[in-house]
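Participant: What follows is a structure written as structure tokens; I'll ask about it next.
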Amino acid sequence: MKEEIVRIQRDALARIAQVSDRRGVEDARVAILGKKGELTLAQTGMKDVPREEKPAVGQLLNDARKAITEALDAKLVEVQARADREAVAGVDLTLPARSLPLGGLHPLTIVRDEAIGILRRMGFALADGPEIEDEFHCFDALNTPADHPARNEKDTFYFDSGKLLRTHTSTVQIRSMEKQLPPVRVIAPGSAYRRDEIDATHLSAFNQLEGLYVDTDVSVGDLKGTLEYFLRALFGSDTEVRFRPHFFPFTEPSFEIDVKLKAAGQEPRWVEIAGCGMVDPNVFEAVDRERGLEPGVRACYAGLTGFAFGIGLDRLAMIRWGIRDIRALIENDVRFLAQFQ
């Protein structure tokens, strides 16, 4: 038995020494130490060894298994090191690595984060709401008449259930007033949807940022000062801003806001950038009526004043970087996006 164990160990070490790859190492391990391996089968003969010899034979078996295992491990390290050297043969490891292209923020993300940062510093809180809305929050509460073109199926995406994809983020203003007591000072960035033909200036899914401030004695002066500060913080302190009378169902008086662009090599020109106005009292009445449907909730917006504004983030990005086609913002052309890294 002892001679058999010594022979198995000697032959095993000789075989392992001849191995040149990982597959050979694994084959040797199975042939020697596996379930039907040579050393494993020899171990089953321990039952026939006289009792007085078993300790010595057992020790010999353990020493042989240990020596073979160590030889297999050492050979595996050796063949792996050889494979690694061959893999980099002819490669100058001192050469600098190829630089990986760095990603960057999308222009919409850049302008949205900057706009939010400015308004947050002015005391506005972020608010959010569902993109699938009902007609009350999208139209009725915002003083939109039943025959208004925006409520037509040609302009708005309706579901069979009567729900719709919100056409503006003004819906979040209504939900914010329903949830909290005045004063309210919130901004709502997010997506809006309309059945517009997609062209160089229109998308059917676009991004807006709307704001609402409601308190006692809020005036047009507050509105004007807030938005002038915001636009100059965004475009530069020397940016010229003007307000033009306009009409929106949910504000009275209402204004459109223009900024004067001064592009290199071009004549300065006024560009429309936002809409705003003082919240129509009918909006407050609608919110109070809706709040009154909840047990124990009192009406609290009657007699207050406030202003609201809405800005297209896509348009902000186009104006800021001189982007001529809005579709460039959704086409994911790496050549275009690389300009903003």
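Participant: Applying 1/(1 + (r/R0)^6) with R0 = 22 Å to the Cβ-Cβ distance of Gln180 and Glu252, what FRET efficiency is obtained, to the nearest 0.05?
Facilitator: Result of the calculation: an efficiency of 0.40.
Participant: How far, in degrees from 0 to 90, does helix 22-33 lean away from the longest principal axis of the Cα atoms of the chain, to the nearest 10?
Facilitator: Long axis of 22-33 versus the principal axis of the chain: about 50 degrees.
Participant: Assuming R0 = 25 Å, what is the FRET efficiency of Ala56 and Ala17, from their Cβ-Cβ distance, to the nearest 0.05?
Facilitator: After rounding, the FRET efficiency stands at 0.35.
Participant: Here's a follow-up. Could I get the Rg over Rh figure for the chain? Both from C-alpha atoms, Rh via Kirkwood, rounded to two places.
Facilitator: Using only Cα positions, Rg/Rh for the chain is 1.43.
Participant: Within the accessible area of the chain, what % is carbon and sulfur when the probe is 1.4 Å and the other protein chains stay in place? Walk me through the intermediate numbers first.
Facilitator: Working: 10190 of 19640 Å².
Its accessible area is 52 percent carbon and sulfur atoms.
Participant: To continue, here is another question. Skip the ligands, DNA and RNA, and give the accessible area per residue of the chain with a 1.4 Å probe, whole Å².
Facilitator: Accessible area per residue: 58 Å².
Participant: At R0 = 56 Å, how high is the FRET efficiency between Glu267 and Ala83 if r is their beta carbon distance? Nearest 0.05 is fine.
Facilitator: My answer for the efficiency is 0.20.
The values are calculated or read from the model by the stated rules, or taken from the named source; none is laboratory data. Predicted model, so just to flag it, every value in this text is computed and none were measured. Heads up, the Cβs are rebuilt from the backbone with ideal geometry, glycines too, and the neighbour counts pull from every protein chain shown. Ligands, DNA and RNA are excluded from the accessible area calculation, which covers all protein heavy atoms including side chains. Shrake-Rupley method; radii C 1.70, N 1.55, O 1.52, S 1.80 Å.
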